[in-house]
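Data first, discussion second: the structure below is written as structure tokens.
Nothing in this text is a laboratory measurement; each read-out follows from the coordinates by a stated rule. Keep in mind it's a predicted model, so treat the numbers as computed, not measured. Because the Cβ atoms are built from the backbone with ideal geometry, glycine has one as well, and the counts that use them run over all protein chains shown.
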Amino acid sequence: MNAIEIARKMETDAIQFYTEAAQKVKYPAGGEMFETIIVDEKKHLEIVNKLLKSLDVSVEDLQPMKDIKTVFENMKEQMMEKVVVSSDELEAFKIAMQMEKEGLEFYKKLSSGSATSKEKAVFDRLVSDEQKHYDIFSNTYNFLEDTGNWFMWDEHSIVEG
């Protein structure tokens, strides 16, 4: 299995895991968060499939932080209530963080070994997206673990009011 095929499997596995997690998580914003990440991962899979088929690839501008901000803004009132989550839900976010971390490290390696500038640009974009996904999951994990002492991305709070 070559690197592009591995990337394809990683994206497919991520879509499957996040789909299952979205269905299981009881925290509404968590479910919506997984859903928005699924959309990104499907776009990543499309990009990787095009690379696999040696087709012309355009790197679409994904905006995971903006999409997640919309989720949180729409649920602002619910977020201010104490959230009780199961250890399984917290574990799902831990696994998501690990998957994104592994993905970004993998894409960094592919970027540094790219044969063309176009491939490098694609992998650099995937690195950036996976880092954003990691940050989203990490922040959510911290929120769910300790709602009372949580501040959204330090001074860059999504919940205002």
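Numbers for the structure displayed
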| item | result |
| --- | --- |
| Label-reachable residues, the stretch 1-44, where backbone N falls under 16 Å from a point 7 Å from LYS109's Cα toward its Cβ | 1-11 |
| Extension gain, GLU5 back to GLN98 (0.36 nm per residue minus Cα-Cα distance, nm) | 31.5 nm |
| Amide H contacts of VAL25 (H built 1.01 Å from N, under 5 Å, at least 5 apart or other chain) | none |
| In Hz, Karplus ³J(HN,Hα) per residue of the stretch 35-42 (6.51, -1.76, 1.60; θ = phi - 60°; x = Gly, Pro) | 4, 5, 5, 4, 4, 4, 5, 5 |
| Spin-label model distance (nm) - ASN49 vs GLN16, 7 Å beyond Cα toward Cβ | 1.6 nm |
